[in-house]
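K.L.:
Pasting a structure below so you can have a look.
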Amino acid sequence: MTVPVFRFAPSPNGHLHLGHAYSALLNQQMARDAGGRLLLRMEDIDRERCTPELEQTMQEDLHWIGFDWEKPVRRQSEHFPVYSEALDRLIDMELVYPAFLSRGEIKHEIENLGGNGGWPRDPDGALLYPPTDRQLSNAERERRIGEGQPFSWRLNMDRALEHIGEPLFWTELAPENRAVETAPRVWGDVIIARKDMPTSYHLSVVIDDALQGITHVVRGKDLFEATSVHRLLQRLFDIEPPLYHHHALILDHDGEKLSKSRKDTALRSLRQEGVTCQEIHAMIGL
Ligand code: GLU
């Protein structure tokens, strides 16, 4: 029988808050109940916003709340060549294309296409990428790249879905192992590799969950829609999908999602104010 493997995968670009504590400790509880392993992964591909100091602080905060992970920690910043290789596979399959438009140009292009106002947005609120760069000839792409124009790699969503040719599902653990049909189209031509790096959150998370043999992905509901992209990439790479549990989020008094920029719910601040680890567990109901 295979041993279940869980992971907590924060980005060290700020301080952990009560919502992270809940996610980490829920992973720990589920891993213990299942007799499984528990890993910690630092999703630090953004080299400007993620720092070793913030990672250090995160690890201290996690120790303090009693989160106990298997060493070593996997740091995504140490594995760019692995993601680059995965990106190359998608390039070879002609499922991604170089996308040159800046944020301002995307808006402008959408206006040109007459899409003012009614243009669809993805679940994160970003405008879907217009079809402009999809239609460029290879010669034009090469010319622009040769000129040094910055570009990201975007998935040609229509082509990727055509390639797969059947509906895709993932298994959501609660309630009762239900099959969820993916809806990746809501993301449009999603970014697979950002302008300054050979990867993105979506690509790295899929590759790492596979390489680390993760069997259970337990994370917040705010990532529910992203799972459609992950499931699609898993299928394109022939990766066996893990099981998913998207848990409820801890909200503030106004019903808003907690954010790393808020001080009052940061584990750091709570600890400095004299809140105990037991009180943190009580606050999040674990
Ligand atoms: N790194 C992501 C975050 O901090 C979580 C990724 C995941 O759990 O899949 O929001």
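All of the numbers you see were taken from the coordinates with simple rules; none came from a lab. All of these numbers come straight from a predicted model, not from anything done at the bench. Neighbour counts run over all protein chains shown; Cβ positions are idealised from the backbone, glycine included.
K.L.:
For region 24-31, just list the computed ³J(HN,Hα) in residue order, Karplus coefficients 6.51, -1.76 and 1.60, θ = phi - 60°, integers in Hz, with x standing in for Gly and Pro.
P.N.:
Karplus values, whole Hz, x for Gly and Pro: 5, 6, 5, 4, 5, 5, 5, 5.
K.L.:
What is the list of residues in region 127-142 whose amide nitrogen lies under 18 Å from a point 7 angstrom out from the Cα of Phe151, following Cα to Cβ?
P.N.:
Residues 129-142 fall inside that zone.
K.L.:
Find the centroid of the Cα atoms in region 57-100 and in region 138-162, then give the distance between the two in whole Å.
P.N.:
If we compute the Cα centre of each part, the gap is 23 Å.
K.L.:
How large is ³J(HN,Hα), in whole Hz, for each residue of region 47-54 in order, when computed from phi with the Karplus curve 6.51 cos²θ - 1.76 cosθ + 1.60 and θ = phi - 60°, using x for Gly and Pro?
P.N.:
6, 8, 8, 9, 10, x, 5, 5
K.L.:
Sticking with this structure for a sec: In terms of the Cα gyration tensor, with a ≥ b ≥ c the square roots of its eigenvalues, is region 1-81 rounded because a/c is under 1.5, prolate because a/b exceeds b/c, or oblate?
P.N.:
Note, shape of region 1-81 comes out oblate.
K.L.:
Explain nothing, just compute: Karplus ³J(HN,Hα) = 6.51 cos²θ - 1.76 cosθ + 1.60, θ = phi - 60°, for every residue of region 90-96 in order, whole Hz, x for Gly and Pro.
P.N.:
Along region 90-96, the couplings run 5, 5, 4, 7, 6, 9, 10 Hz.
K.L.:
Within 10 Å of each residue's Cβ, count the other Cβ atoms and sort Ser84, Ser204 from fewest upward.
P.N.:
The fewest-first ordering by Cβ neighbours comes to Ser84, Ser204.
K.L.:
Let me have the relative contact order for the chain, percent, based on Cα pairs under 8 Å that are six or more residues apart.
P.N.:
For the chain, the relative contact order is 24 percent.
K.L.:
Same structure, new question: Which stretch or stretches of region 257-286 have amide N atoms under 18 Å from the point lying 7 Å from His63's Cα along the Cα→Cβ direction?
P.N.:
267-272, 276-278
K.L.:
By counting other Cβ atoms within 10 Å of each Cβ, how are Ser23, Ser269, Ser137, Ser77 ranked from fewest to most?
P.N.:
Ascending number of Cβ neighbours within 10 Å: Ser137, Ser269, Ser77, Ser23.
K.L.:
In addition: Taking every DSSP beta bridge that has both residues in region 155-274, what percent is antiparallel when rounded to the nearest 5?
P.N.:
Once the DSSP bridges in region 155-274 are tallied, antiparallel ones form about 45 percent.
K.L.:
Give a quick list of GluC sites (Glu not before Pro) in region 158-211 that DSSP marks as loop, anything other than H, G, I, E or B, with at most 15 other Cβ atoms within 10 Å. Each step should come with its number before you reach the end.
P.N.:
Numbers: sites: Glu162, Glu172, Glu176, Glu181; in loops: Glu176.
The qualifying sites are Glu176.
K.L.:
A further question on this structure: Based on other C-beta atoms within 10 Å, arrange Met197, Met93 from fewest to most.
P.N.:
Starting with the residue having the fewest Cβ neighbours, the order is Met93, Met197.
K.L.:
How about region 37-145: which GluC sites (Glu not before Pro) there are in a DSSP loop, with at most 11 other Cβ atoms within 10 Å of their Cβ?
P.N.:
For GluC sites (Glu not before Pro) across region 37-145 that sit outside H, G, I, E and B with at most 11 neighbouring Cβ atoms in 10 Å, the list reads Glu48, Glu94.
K.L.:
Moving on. Can you list which of the trypsin sites (Lys or Arg not before Pro) found in region 237-282 are DSSP loop residues with at most 12 other C-beta atoms within 10 Å? Walk me through the intermediate numbers first.
P.N.:
Values: sites: Lys257, Lys260, Arg262, Lys263, Arg268, Arg271; in loops: Lys260, Arg262, Lys263.
Here the sparse-neighbourhood loop sites are Lys263.
K.L.:
In deg cm²/dmol and to the nearest 500, what is the mean residue ellipticity at 222 nm of the chain if only DSSP H runs of at least 4 residues count, each as -39500 (n - 2.57), divided by the residue total?
P.N.:
-11000 deg cm²/dmol
K.L.:
Mean separation of Cα pairs under 8 Å and 6+ residues apart, divided by the residue count of region 44-190: what relative contact order is that in percent?
P.N.:
Relative contact order comes out at 23 percent.
K.L.:
For the chain, set up a Gaussian network in which alpha carbons nearer than 10 Å are linked by springs, and say which option among Asp124, Asp254, Asp209 fluctuates the most.
P.N.:
It is Asp254.
K.L.:
Could I ask something else about it? Can you give the % of DSSP beta bridges in region 87-211 that are antiparallel, to the nearest 5?
P.N.:
100
K.L.:
Viscosity 1.002 mPa s, temperature 20 °C: give me the Stokes-Einstein translational D for the chain in µm²/s, with Rh taken as the Kirkwood radius over C-alpha pairs.
P.N.:
Once the numbers are plugged in, D ends up at 105 µm²/s.
K.L.:
Oh, and also: Tell me the net charge near Leu18. Cut-off is 14 Å between Cβ atoms, Leu18 excluded, with +1 for each Lys or Arg and -1 for each Asp or Glu.
P.N.:
Here the charged neighbours net out to 0.
K.L.:
Please list, by residue number, everything in region 79-99 whose backbone N is under 20 Å from a paramagnetic label point 7 Å out along Cα→Cβ of Arg134.
P.N.:
90-99, by backbone N distance to the label point.
K.L.:
With a cut-off of 8 Å between alpha carbons and a minimum separation of six or more residues, what is the relative contact order of region 147-286 in percent?
P.N.:
Once normalised by length, the contact order is 22 percent.
K.L.:
Note the angle between two axes, namely the Cα long axis of helix 103-112 and the longest principal axis of the Cα atoms of the chain, as a number of degrees from 0 to 90, rounded to the nearest 10.
P.N.:
Tilt of helix 103-112: around 50 degrees.
K.L.:
Let me ask something additional. Say R0 is 41 Å: what FRET efficiency, to the nearest 0.05, do Ser84 and Glu279 get from their beta-carbon distance?
P.N.:
On the way: r = 45 Å, r/R0 = 1.09.
Working from the Cβ atoms, E equals 0.40.
K.L.:
Also, I was wondering about something else. What value in Å³ per residue do you get for the convex hull of the alpha-carbon atoms in region 183-286?
P.N.:
On the way: hull volume 17.0 nm³, N = 104.
Taking only Cα atoms, region 183-286 has a hull volume of 163 Å³ per residue.
K.L.:
Another question about this same structure. Just the number, please: percent antiparallel of the DSSP beta bridges in the chain, rounded to the nearest 5. Each step should come with its number before you reach the end.
P.N.:
Details: 13 of 27 bridges.
That works out to approximately 50 percent antiparallel.
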